[in-house]
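The values are calculated or read from the model by the stated rules, or taken from the named source; none is laboratory data. What you are looking at is a predicted structure, and each value in this text was computed from that prediction instead of being measured. Here Cβ is always computed from backbone atoms with ideal geometry, including for glycine, and neighbour counts include all displayed protein chains. SASA here: full protein model, heavy atoms, side chains in, ligands and nucleic acids out. Shrake-Rupley method; radii C 1.70, N 1.55, O 1.52, S 1.80 Å.
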Amino acid sequence: MKLQEIANTLDDAAKKAEAVEQISEKHQFDLEQAYDIQRLSIDNRKERGEKVVGYKLGFTSYAKMEQMGVHDLIWGILTDEMTIKSGETVDLNRWIHPRSEPEIAFRVGKEITNPISLDEVPQYIDKMASAIEIIDSRYKNFKFSLEDVVADNCSSTGYVLGKWQDLKADSISDLAIHLKINDEIVEKGKTSAILDNPLKSIVELSRLATEAGLKIEEGQVILAGAATAAVYLKPNDKVESELEGLGKVAFEVK
Ligand code: OOG
Ligand code: MG
């Protein structure tokens, strides 16, 4: 089994918006190889001119773990191609079976090159914002093993950011967050659902990314992981996420 071939398969599936069989159906591979495949698929994107703009964590809340049946924290890479502007309307055809989820985003104020502790987070993160992540597993039926989803860059496909605001590290661990679709609340949670405190996602990422030899650069975005389950998108949906004290962010699909 060639890792590059698998990376190409997943990359093509994303480009064509066509689902593929789970890789684990045919090949045995471990978590380390899964991250290698993820990196190779990001290299393909870089060769097409995409730029890495940040990172996302996954399965940092129980709601997400239970929904998808995967109980380990995972991380993936965001590129500029995945950026959706606040208020933008996106064509659903660009995806396979997209779901949206409410998130909190952080902005890196100072490069992270080593694992950092929770107390050190405010030295490295300067801003926070309300966010929506759009995930679109490249696997049929949105079903995968831990290794499958990691190889597939953790279903990453889009993210929308609200206005950046100064980080208030002591007051973000218990904020209400919700997702509205067409003005109706469809998912409700608390930021405490994200590892008890969403800043812990930065501690985790600092360890995982630097162990993998990456630097988390100034200006990059970190999505801490959804506090609630994700919801499938339908044509003409208006999606809005609101985070207590941080405001709203929205986008639409057609
Ligand atoms: C994997 C990505 C999980 C999150 O916020 O937990 C994730 C998936 O559910 O397809 O982005
Ligand atoms: Mg997410």
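Some points to look at:
- When A105 is tested against (1) buried (at least 16 other Cβ atoms within 10 Å of the Cβ); (2) more than 19 Å from V221 (Cα to Cα), only condition (2) is not met.
- Every listed requirement among (1) free of Cβ contacts under 8 Å to residues at least 40 places away in the same chain; (2) surrounded by 20 or more Cβ atoms within 10 Å (Cβ to Cβ) is met by S173 save one, (2).
- Of all residues in the range 40-65, those satisfying the criterion of being more than 11 Å from ligand 1 (Cβ to nearest atom) and surrounded by fewer than 19 Cβ atoms within 10 Å (Cβ to Cβ) are D43, N44, K46, E47, R48, G49, E50, K51, V52, V53.
- Scanning the range 239-251 turns up no residue that is closer than 28 Å to A17 by Cα and surrounded by fewer than 15 Cβ atoms within 10 Å (Cβ to Cβ).
- Strands (runs of 3 or more DSSP E) contained in the range 109-201 and holding at least 1 residues over 19 Å from Q220 (Cβ atoms) and over 19 Å from the mean Cα position of the chain (by Cα): 176-181, 184-190
- Residue count, the range 1-26 (criterion: in a loop (DSSP other than H, G, I, E, B) and open to solvent by less than 70 Å² (accessible area, probe 1.4 Å)): 3
- Of the numbered criteria (1) among the aromatic types (F, W, Y); (2) open to solvent by 60 Å² or more (accessible area, probe 1.4 Å); (3) touching a His at 6+ places or on another chain (Cβ under 9 Å), the one F142 fails is (2).
- Options D136, D91, D72; residue that is touching a His at 6+ places or on another chain (Cβ under 8 Å) and not hydrophobic (A, V, I, L, M, F, W, C): D136
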